[in-house]
Amino acid sequence: MNLSFKIAKRYLLGKKSHNIINLISLVSVMGVFTGTMALIIVLSVFNGFGNLVISLYDSFDPDIKIVTAKGKTFDNASLDLSAIRSLKGVAYATYTLEENGLVKYNDKQFIATIKGVDDTLIRRTGIATSVVSGTDKVQEGSRISALIGSGIAYSLGVHLEGDWSQLSIYMPDKNVTTLTNPESAFREKDIAPGGVFSIQQDFDSKYVLVPLGFVRELAGDDNRSSAVEVILDKEADEAAVLSAIKKISGEKFVVKTRLEQHAFMYKILHSEKWAVFLILSFIMVIGIFNILGTLTMLVIEKKEDILTLKYLGAPFLLVRNVFFYQGLMITLTGIVGGLLSGALICFLQQTLGIIKLGNAESFVVEYYPVDMQWLDFVNVFSVVFVIGALASLLISAHLVRKRYQSI
């Protein structure tokens, strides 16, 4: 075993002549321990919230979405839907159409995005599981109805029971070129409110889901769509399906995965997480410099040992490494303890839900969501260890050099 390491280990575990040195050593370990534990817990909570937000979007969005590269809608004949449906790994694919419209209910109005869908898409995306009242279908036989986002339903004061009022939906008539009669510039159709869904605010305050034929007739676009939405089998090779769809759709269309459908949101989540990691890492630097106090006191206490080693012919590097290894062992003890404690706290939160969210009844989850990822543990260990190693090296070299040269 390396002589410097053996001496450092003895210094760390052996009894000091002054109890204050033991106390300072403990404070140094606890500083690294607390900072490491905090990093793991904060990153895991960020992961939990990130996954929660993503899961909410996933319950509305398809696995793959095909949109036109130019314009808002495209002719159905320009994209071979049957070829997409026949691809291996594709569970379902359908046209959808989105148009902005004015929704009127009794004496209240709301500007919403009217999306034409079918019941199969509603069921396969997970929207059906987010229905909080009423039916989860937009068409049952000849009866059609609208699925309304909870934010819109609240603004309009929609009542599904005991109120037979209809939703009146208005859209601009694209065939009207003059405005001599403003009322004739809009198409209007009525539809019964059938259900209310609640996913998250971006969807709840934006969408009214209706049958595809209804919105096509209202928009005057019988043979046009704004997207083809594709649902994959659970065992599907997404990359292979994506490549095949791009070949079928050609350059006139853009094929988007779930990640690409909300690329900006994913970037924000990722950036926020690593911004917090960076800030906490800087705070960690301050905590690790508690090692300065430990090594300073230890060098003062061991000045006779340093003198003995020098007279025995020990080079400066050997003496320096004694205190460098001392700092490393303090750092490693704190890191390992912090990682294990952070993992234990996260595990308990995952399984028992110890810490609740404030106003949990108004949120989609009751407890702080937590998701531990092995890469976070690697990153935290690496960053804290490097900071601790550099601090120990610089501090030990400076202190020992002064003591070594003054003897």
Out of the strands (runs of 3 or more DSSP E) lying entirely within the range 80-179, which hold 1 or more residues that are within 32 Å of the chain's Cα centre (by Cα)? 90-105, 108-117, 131-134, 143-149
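Would you please name the residue that is modelled with the highest pLDDT, looking only at residues in the range 252-275 that are outside any strand (DSSP E or B) and among the hydrophobic types (A, V, I, L, M, F, W, C)? Talk me through it step by step, then tell me what you get.
Within the range 252-275, the subset outside any strand (DSSP E or B) is 252, 258-275.
If we keep only those that are among the hydrophobic types (A, V, I, L, M, F, W, C) too, we end up with 259, 263-265, 268-269, 274-275.
Values: Leu259: 80, Ala263: 76, Phe264: 78, Met265: 76, Ile268: 81, Leu269: 77, Trp274: 81, Ala275: 85.
For the range 252-275, the residue satisfying everything is Ala275.
Please work out if Ala93 is among the aliphatic types (A, V, I, L, M), over 30 Å from Leu340 (Cα atoms) and in contact with an Asp or Glu (Cβ under 8 Å, 6 or more places away or on another chain). Break it down into steps so the answer makes sense when it comes.
On the way: among the aliphatic types (A, V, I, L, M): yes; over 30 Å from Leu340 (Cα atoms): yes; in contact with an Asp or Glu (Cβ under 8 Å, 6 or more places away or on another chain): yes.
Criteria met by Ala93.
Would you confirm, using the coordinates I've provided, whether Lys65 is under 20 Å from Ile127 (Cβ atoms) and basic (Lys, Arg)?
Numbers: under 20 Å from Ile127 (Cβ atoms): yes; basic (Lys, Arg): yes.
Yes; evaluated as a whole, the condition is true for this residue.
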Are any of the residues in the range 58-67 more than 21 Å from the chain's Cα centre (by Cα), more than 30 Å from Leu292 (Cα to Cα) and at pLDDT 90 or above? yes
Mind checking which residues of the range 205-238 are under 31 Å from the mean Cα position of the chain (by Cα), modelled with pLDDT under 90 and not in a loop (DSSP other than H, G, I, E, B)? Glu238
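Has the range 322-335 got at least one residue that is surrounded by 13 or more Cβ atoms within 10 Å (Cβ to Cβ) and at pLDDT below 70?
Narrowing the range 322-335 to residues surrounded by 13 or more Cβ atoms within 10 Å (Cβ to Cβ): 322-335.
Subsequent filtering for residues that are at pLDDT below 70 retains none.
Scanning the range 322-335, I find no residue that is surrounded by 13 or more Cβ atoms within 10 Å (Cβ to Cβ) and at pLDDT below 70, so the answer is no.
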When Ala239 is run through (1) of a type in the set (A, V, I, L, M, F, W, C); (2) surrounded by fewer than 19 Cβ atoms within 10 Å (Cβ to Cβ); (3) farther than 26 Å from Leu56 by Cα, the failure sits at (3)
Looking only at the range 282-292, which residues are surrounded by fewer than 18 Cβ atoms within 10 Å (Cβ to Cβ) and either touching a Gly at 6+ places or on another chain (Cβ under 7 Å) or in contact (Cβ under 8 Å) with a residue 24 or more places away in the chain (or both)? Ile283, Val285, Phe289
Note down all Cβ pairs under 9 Å where the first residue falls in the range 147-166 and is in contact (Cβ under 8 Å) with a residue 40 or more places away in the chain, the second is β-branched (Val, Ile, Thr) and surrounded by fewer than 15 Cβ atoms within 10 Å (Cβ to Cβ), and they're at least six residues apart or on different chains. Ser150/Val132
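Do we have any residue at all in the range 258-268 that's in contact (Cβ under 8 Å) with a residue 60 or more places away in the chain and over 15 Å from Tyr57 (Cβ atoms)? Spell out how you get there, then give the answer.
Filtering the range 258-268 for residues in contact (Cβ under 8 Å) with a residue 60 or more places away in the chain gives 258, 261-262, 265-266.
Within this subset, residues satisfying the condition of being over 15 Å from Tyr57 (Cβ atoms) are none.
No, the range 258-268 has no match at all.
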Go through the residues of the range 199-217 one by one and say whether even a single one is on the phi > 0 side of the Ramachandran plot, surrounded by 14 or more Cβ atoms within 10 Å (Cβ to Cβ) and of a type outside the set (Val, Ile, Thr). no
Just checking, does the range 81-104 include any residue being buried (at least 19 other Cβ atoms within 10 Å of the Cβ), at pLDDT 90 or above and closer than 20 Å to Gly388 by Cα? no
Residues of the range 66-99 being charged (D, E, K, R) and in contact (Cβ under 8 Å) with a residue 60 or more places away in the chain, in sequence order, are Lys70, Lys72, Asp75, Asp80, Lys88, Glu98, Glu99
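The values are calculated or read from the model by the stated rules, or taken from the named source; none is laboratory data. In this text, all values refer to a predicted model and were calculated from it rather than measured experimentally. Here the Cβ is made from the backbone with ideal geometry for all residues, glycine too, and neighbour counts use every protein chain on show.
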